[in-house]
Amino acid sequence: MLTWLQRNTLTFPPLAKAMREPNGLLAAGGDLSADRLIQAYRHGCFPWFSEGQPILWWSPDPRTVLFPDELHVSRSLGKLLRQQRYTVTFDQDFAAVIQACAAPRSYADGTWITEAMQSAYLQLHQRGYAHSVEVWDQGELVGGLYGLAMGQLFFGESMFSRADNASKFGFATLVRQLQAWGFVLIDCQMPTDHLHSLGARAIPRSDFAHYLRDHLDQTSSAPWVS
């Protein structure tokens, strides 16, 4: 049964209570305060809903993840990386990245990155949890992504691209940097062909819970502070 979160609590139900249809729906209600979002990620769930719906919290089984040493770089992407076709920065324009991720897509009806969601993740960015990757082409923002870093785990949220392979270029650069910093897992949440082409795969939710338990409070060499 779907649990309705009360606004005065940060309690999330056990992952085992997530629904099978739709896959992983765990709870509804609550708010998008920074504290609630941090607790949600620590408990393996994330918000995903459309304008006009209550806030819906998800924890799918299986979970799509990417292990840094399993990153797949295609021949065309590898050529772009070797040529240093684009310039990549971190945390230089979080607001622009999340706004671009929220922009309408030709293949989607509306966006789940509502204004409330943008405001919430900007607060997480200000608190040192949410981070952005910017991909530049001669000073123009052509791609990027954002997500949360906690312990040795990175929780990816969304990416966008305005140029050939720009989002993949930024993602591959991020993965390599996270690996150098000691990160062990990148949470990709839901499966997509785009992510699978980069090496993402599904693992049981129970295995994902073990990674949360073992690595959320471990330190990394990343300059990000959370």
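Readers should treat all values here as calculations from the given coordinates under stated rules, not as data from a laboratory. What you see is a predicted model; the values in this text were computed from it and never measured. Here Cβ is always computed from backbone atoms with ideal geometry, including for glycine, and neighbour counts include all displayed protein chains.
Taking the Cβ-Cβ separation of PHE49 and GLN138 as r and a Förster radius of 41 Å, what is the calculated FRET efficiency to the nearest 0.05? Computed FRET efficiency for PHE49 and GLN138 comes out at 0.65. Neighbour counting of Cβ atoms within 10 Å sorts the residues ASP137, ASP35, fewest neighbours leading, into ASP35, ASP137.
Arrange PHE171, PHE160 by Cβ neighbour counts within 10 Å, fewest through most, would you?
Details: PHE171 29, PHE160 22.
By the 10 Å Cβ count, ascending, the order reads PHE160, PHE171.
With a simple spin-label model that places each label point 7 Å from the Cα along the Cα-to-Cβ direction, the separation between GLN99 and ASP193 comes to 3.1 nm. In the range 27-88, Cα pairs under 8 Å separated by at least six residues give a relative contact order of 26 percent. Relative to the current alpha-carbon distance between ASP91 and TRP181, full extension at 0.36 nm per residue lengthens the span by 30.8 nm. The calculated FRET efficiency for GLN123 paired with SER74, based on their beta-carbon distance and R0 = 35 Å, is about 0.45. Stretching the chain fully between GLN218 and ARG42 yields a gain of 62.1 nm (0.36 nm per residue, less the alpha carbon separation).
Under the simplified labelling scheme, the ALA202-ASN23 pair shows an inter-label distance of 0.4 nm, with each label point 7 Å from Cα along Cα→Cβ.
Among residues other than PHE94 with Cβ under 13 Å from its Cβ, the summed charge is -3 (Lys and Arg +1, Asp and Glu -1).
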